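The values are calculated or read from the model by the stated rules, or taken from the named source; none is laboratory data. Only a predicted model underlies this, so the values are computations on that prediction, with no experimental measurement involved. Please note: Cβ atoms are built from the backbone with ideal geometry, for glycine as well, and neighbour counts cover all protein chains shown. We work out accessible area using only protein heavy atoms, side chains counted, and drop any ligands, DNA or RNA first. Shrake-Rupley method; radii C 1.70, N 1.55, O 1.52, S 1.80 Å.
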Amino acid sequence: MGGFALALALLLGIEALLYNSTAKQAETARLVARTHEVLAGIQELILRLTDAETARRGFIMTGQNRYLTHYSNAVERVSRVFRHLRTLTRDDPRQQLACAALDPLIRDRFEVYDQSIRGQVNGANPERQVTLTEEGQKIMEEIRTLIGQMEKAEKDVRSSRQAAAEANFLETRRFALVGSAASVTMLGLVFFLLIRENARRQRAEVALQKANEELERRVSQRTAEVTEALAGYQRAEEEIKKLNEELEQRVVERTAQLEAANKELEAFSYSVSHDLRAPLRHVAGFVEMLRQDASNGLSAKSRQYVGVIADSANQMGRLIDNLLAFSRMGRAELRKTKVNVEGLLQEVLQETRRDSQGRVIEWEIGPLPTVLGDRSMLKQAWLNLISNAVKYTRAREPARIEVHCQKSRDHEWQFSVRDNGAGFDMKFAEKLFGVFQRLHRADEFEGTGIGLANVRRIVHRHGGRTWAEGKVNEGASFYFTLPDSITD
């Protein structure tokens, strides 16, 4: 608990630093984005003014009314863009002054355009149209000068904000690198403590078993002695009764101790997994941001370091999520309903389709029954088994996966998932269903070693059994049973 408290304190401290740096980065990014939006608004304002001029000229030259529609749309867009530009620059006094000077110029220019259009409608002479055009051009030159000043001022602001963003980014990168290294180290320490606690629990189980065997031996010995002593039959009977009561009491006490130890370990696993997820997501997120934003600025060695940090954080995240799911699975309430296994399997195949995309997989799925069980738990068990089959047949072309079910003589449904993948050595069959037990290297097949342990826990909670068969490079078959509760 001391190691966990230290790890949690360090992670919370790093998270606070990262949060502060993130807030600064987000604010700087927002200001830079708004600067880009202002520049885009300036360009759009020029474009919409040009559209209005083009539409006016089209009407003067052709007299067609459709150009008046274009002109009206352009005027409306200029007004909308100009209002938006004023809103964007409301905290910049210089730009607000420029907007105040720009507003009457735009109004004057549209007044000239309106006079030109009315003159065309009323049959004004060409000399008047030329005069109005020249007036509009003079006003437009003043508008372009003001807009050029606004654009230059905004670019200066953007340069200063980008410099601030770069400085803040470098600070965030340092926090991310230091935080990632510290987090991985502390997580390793916490998992070491978990393993040590698990070993202590196993020693307690062995001690309980030995104590039970010793008690049984003593009872047998004392019973034999009392039986041989005819004269003390009554006393022997009472002593046997007393020893039996003592045995039952001690068994109850030891069983309660074992259950308490199991609950304590599960609670500890849940606490570790739950409390470390948030800082780990921050680490992974900032490393990814660092990789995207500064990949060109980092050396090849630095990019390699960032990649190692990202891979380690992602792997640790998967371990934590799986450990949390494993802990929840042991504490979740079993909600039994009628479950159509065939429909459930189709949902699982849809979810695993991304992992098999681009591959040739031959599926053979037999008829599947309706069973009584917890639908979400059974779906998780099927998802782990099918995902394993897809993963370990990755090197096969084509891959073949079979799913079958049959009724056993014990009135159980026996399900099987068979593949032609990497397989395994049967002498390690029992290790398959243990927590964090893996028979293949991580660089061959990714994984955390919790999936099959989850399958066994789910099946056992439903009153079933699990086992596996396989040969190296010849595939594997995984079996589990469920009671036929509906028929029973």
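Annotations
- Fully extending the segment from Gln96 to Glu205, taken as 0.36 nm per residue of separation minus the present Cα-Cα distance, adds 31.5 nm.
- Here each label is just a point 7 Å from Cα along the line to Cβ, and for Ala16 and Gln346 those points are 5.4 nm apart.
- Net charge of Cβ neighbours under 11 Å - reference Leu215; Lys, Arg +1; Asp, Glu -1: +1
- Net charge of Cβ neighbours under 9 Å - reference Trp363; Lys, Arg +1; Asp, Glu -1: -2
- Note that the stretch 103-254 presents 64 Å² accessible area per residue, ligands and nucleic acids not counted, probe 1.4 Å.
- Stretch gain in nm, segment Gln149-Asn212, where the contour uses 0.36 nm per residue and the Cα spacing is subtracted: 13.5 nm
- FRET efficiency, 1/(1 + (r/R0)^6) with R0 60 Å, evaluated for Glu127 and Ala9 via beta carbons: 0.10
- Loop-located chymotrypsin sites (Phe, Trp or Tyr not before Pro) in the stretch 147-230, at most 10 other Cβ atoms within 10 Å (DSSP): none
- Apportionment of accessible area to carbon and sulfur, the stretch 73-192, percent (1.4 Å): 55
- Once the Cβ-Cβ distance of Asn198 and His460 is raised to the sixth power relative to R0 = 22 Å, the FRET efficiency obtained is 0.75.
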